[in-house]
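The next block holds one structure in the form of structure tokens; read it before the comments.
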Amino acid sequence: MQVTLRIKRFNPEADTQSHFENYQVEVEPTDRVLDALQTVKWYQDGTLTLRRSCAHGICGSDAMLINGRNRLACKVLIRDLGNKIQIEPMRGFRVLKDLVVDMEPFFAKYRQVMPYLVNNDPVPQTERLQSPEEHERFEDTTKCILCAACTTACPSYWSNHEFLGPAAIVQGHRFIFDSRDQLKSERLAVLNDMTGVWRCRTIFNCVEACPRGIDVTKAIGEVKKAILFGKT
Ligand code: FES
């Protein structure tokens with residue numbers, strides 16, 4: 001089948017503002033949007049710039065706006081979109097070129113929640129054991145691949161870029177609810193700040209956008225409860 005890709009382009013060395021360009025591509029219905037984009041780049045216009053690495057929904061590097069919704073290009077099949085597909089960079093981040101956005105502010109917020117296990121007890125002879133029930137408390141948020149689809153779908157983030165955003169809160173949740181972690185109060189203090197969880201208005205865009213199916217709003221709600229009632 002033939003599809004028309006309408007791609008938002010921006011070259012900082014030549015353009016003062018972004019514009020759309022159309023490309024006709026021959027694809028299989030079972031091809032993914034990433035395949036179509038690579039066909040454009042490899043055979044029609046080598047200047048098209050996008051990020052991708054694993055091509056299997058794991059690395060999170062090819063999140064973009066596909067027909068108005070944040071998606072991983074490597075996980076969306078052409079047959080589910082029809083023959084007119086509009087592709088834009090994620091909203092709310094500075095565009096470096098075409099579909100590539102500046103992720104550094106996103107990772108700066110990620111670092112604020114200290115996304116690593118802290119346990120100052122003596123190192124045990126074996127693993128730090130945890131029951132299945134204890135693991136279940138944060139299992140969902142371990143699935144985050146830091147693609148930023150949730151944060152860049154969040155109107156609260158669009159209106160205030162100081163907001164840490166859903167992804168950073170999800171990463172905080174992953175450690176706050178880990179029975180082995182000993183830095184809960186510090187993480188909760190970061191998320192209780194003016195830029196933290198209280199900026200979430202439970203709009204649920206993050207849940208719809210997450211390519212990993214994480215119940216992001218539920219995780220944010222659990223962090224709010226942990227701040228208010230101290231229960232993790
Ligand atoms: S390229 Fe790695 S998630 Fe799509």
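The values are calculated or read from the model by the stated rules, or taken from the named source; none is laboratory data. A quick note: this is a predicted structure, and the numbers were derived from the prediction, not measured. A quick note on method: Cβ atoms are made from the backbone with ideal geometry, for glycine too, and the neighbour counts reach across all protein chains shown.
Structure data summary
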read-out: L81 closer than 21 Å to V33 by Cα, buried (at least 22 other Cβ atoms within 10 Å of the Cβ) and touching a residue at least 24 places away in the same chain (Cβ under 8 Å); value: no
read-out: Test: T49 is farther than 30 Å from S185 by Cα and within 16 Å of the ligand (Cβ to nearest atom); value: yes
read-out: Members of the stretch 212-225 that are touching a helix residue (DSSP H, G or I) at 6+ places or on another chain (Cβ under 6 Å) and in a helix (DSSP H, G or I); value: V216, T217, A219, I220, V223, K224
read-out: Hey, G46 buried (at least 19 other Cβ atoms within 10 Å of the Cβ), modelled with pLDDT of 95 or more and assigned to a loop (DSSP other than H, G, I, E, B) or not; value: no
read-out: Members of the stretch 105-136 found to be buried (at least 17 other Cβ atoms within 10 Å of the Cβ) and of a type in the set (K, R), listed by number; value: K109
read-out: Meets criteria (away from the ligand (no atom under 16 Å from the Cβ) and in the same structural domain as W158 (by TED's automatic domain parsing)) for Q112; value: yes
read-out: Some residue of the stretch 63-70 being of a type in the set (D, E, K, R), more than 14 Å from the ligand (Cβ to nearest atom), out of contact with any Phe, Trp or Tyr (no Cβ under 8 Å at 6 or more places or on another chain) and within 22 Å of P211 (Cα to Cα); value: yes
read-out: Restricting the stretch 212-221 to residues that are away from the ligand (no atom under 16 Å from the Cβ) and within 16 Å of the chain's Cα centre (by Cα), the residue that is surrounded by the most Cβ atoms within 10 Å (Cβ to Cβ); value: V216
read-out: Yes/no for R91 being within 16 Å of the chain's Cα centre (by Cα), assigned to a helix (DSSP H, G or I) and more than 16 Å from the ligand (Cβ to nearest atom); value: no
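Each row is one residue, and each column tells you yes or no for (1) in a strand (DSSP E or B); (2) over 18 Å from A209 (Cβ atoms); (3) more than 16 Å from the ligand (Cβ to nearest atom); (4) among the polar types (S, T, N, Q).
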site: Q17; (1), (2), (3), (4): no, yes, yes, yes
site: E28; (1), (2), (3), (4): no, yes, yes, no
site: A36; (1), (2), (3), (4): no, yes, no, no
site: C74; (1), (2), (3), (4): no, no, no, no
site: R79; (1), (2), (3), (4): no, yes, yes, no
site: I87; (1), (2), (3), (4): yes, no, no, no
